[in-house]
Amino acid sequence: MSVDRDIVRADALRWRPLRTKLAFLLPLLMASAPALADAETGEAPVTPANWSHAWSWEMGIVLPLVLSAVLYCLGHLRVLCRNRRNPAIRPWQALCFWLGWLSLVVALVSPLHELGEALFSAHMAQHEILMVVAAPLLALSRPMVSFLFALPLSWRKRIGRWTRSSTVRNTWRFVTGALVVWVLQAVTLWAWHIPALYQATLNNDGIHALQHTMFLVSALLFWYTLIYGRYGRLGYGMAFIYIFTTALYTSVLGAVMTLAQTAWYPIYNGRTAPWGLSPLQDQQLGGLIMWIPSGIVLVIAGLALFAGWISEAERRQSLSPLWQTTSSSLGPPAQATPGALHAD
């Protein structure tokens, strides 16, 4: 039993970076799943008459979701059996995982996925769920403890040795640097909305999978760096600037789409008519979806950081050296004399 507790403690402390590093693997599979699901090329986009029945039950989507759920349940049960009093997985972390998992189901399995082929606005809603709902919830949950304990002990030891190597640590340190993540998120978001690249996702399954993968991975890195990154170096002030500038370039892109007077994506010509929308109106609605919901989430996170910044400043002020308070209460210090310096 003591050996089991040592293993749990090792996962909770020394393997802390591992949880998030490998936690990206299953979301990556989920993000790539639409490539397999979209193999049904040639089918007409969904219409108002049949969209509610257009659930994506293809194995390329369902299998990774089911696999992640089974692994998490199995690993979570093993962790609880080894240490019920002080489990390595907190209840709120498990809740975050399942909410994030359900968000992926909504984005990739529900009719929203097929609706994105007919409406740009639905595609934007799908991306927002991946980036500002599923990604932060999965980053908060740190599900690798459960995933690791679902594996044999020998596998866990090998993975642990691999992640503790200097090459992996240095690479991870670079990839999760605030500036690197900020640039990656900005470039990913803006580049994939260039008309030529965006329209290619609707014509090529591999490009579509790559787009979803990059959106989800960049968002996971962003939220991990914000929540669990180098807080001691970033500080609340830098973290606030980090998220404020991210909200700024995200909102600018959404606003430009919303206020545009011409449609950017001709591929939707003829697809939006059954929904009573022109391609331009559909694009403007999609811009609002990017602008408002993601802006609200980022503003809330920014306000929380700002409140933490103020609270930290107040805490530091309250922990000022006691001798300052004592000396001020005794009045001005007496004039020192040479003899007083050696009074002891």
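The values are calculated or read from the model by the stated rules, or taken from the named source; none is laboratory data. All figures in this text were calculated on a predicted structure; none of them were measured in a lab. Glycine also receives a Cβ, built like all others from the backbone with ideal geometry; neighbour counts cover every protein chain displayed.
Please pick out the residue among 74, 137, 63, 80 that is of a type outside the set (Gly, Ala, Ser), assigned to a helix (DSSP H, G or I) and under 20 Å from the mean Cα position of the chain (by Cα).
On the way: 74 fails: under 20 Å from the mean Cα position of the chain (by Cα); 63 fails: under 20 Å from the mean Cα position of the chain (by Cα); 80 fails: under 20 Å from the mean Cα position of the chain (by Cα).
None of the others qualify; the one that does is 137.
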task: Could you identify the single residue in 143, 136 that is in contact with a helix residue (DSSP H, G or I) (Cβ under 8 Å, 6 or more places away or on another chain) and either surrounded by fewer than 24 Cβ atoms within 10 Å (Cβ to Cβ) or of a type in the set (A, V, I, L, M, F, W, C) (or both)?
output: 136
task: Look at residue 112 and say whether it is within 23 Å of residue 74 (Cα to Cα), surrounded by fewer than 22 Cβ atoms within 10 Å (Cβ to Cβ) and modelled with pLDDT of 90 or more.
output: no
message: surrounded by 21 or more Cβ atoms within 10 Å (Cβ to Cβ), at pLDDT below 90, of a type in the set (A, V, I, L, M) and within 30 Å of residue 56 (Cβ to Cβ): is that true of residue 148 in this structure?
response: yes
Hits in segment 262-276 - residues which are in contact with a Ser or Thr (Cβ under 8 Å, 6 or more places away or on another chain) and part of a loop (DSSP other than H, G, I, E, B): 263, 272
- request: For segment 118-145, enumerate the residues that are touching a His at 6+ places or on another chain (Cβ under 8 Å) and either over 29 Å from residue 182 (Cα atoms) or without any contact (Cβ under 8 Å) to a residue 60 or more places away in the chain (or both).
  value: 126
- prompt: Hey, any hits in segment 254-261 for a residue that's over 30 Å from residue 50 (Cβ atoms), polar (S, T, N, Q), at pLDDT 85 or above and not in a helix (DSSP H, G or I)?
  reply: yes
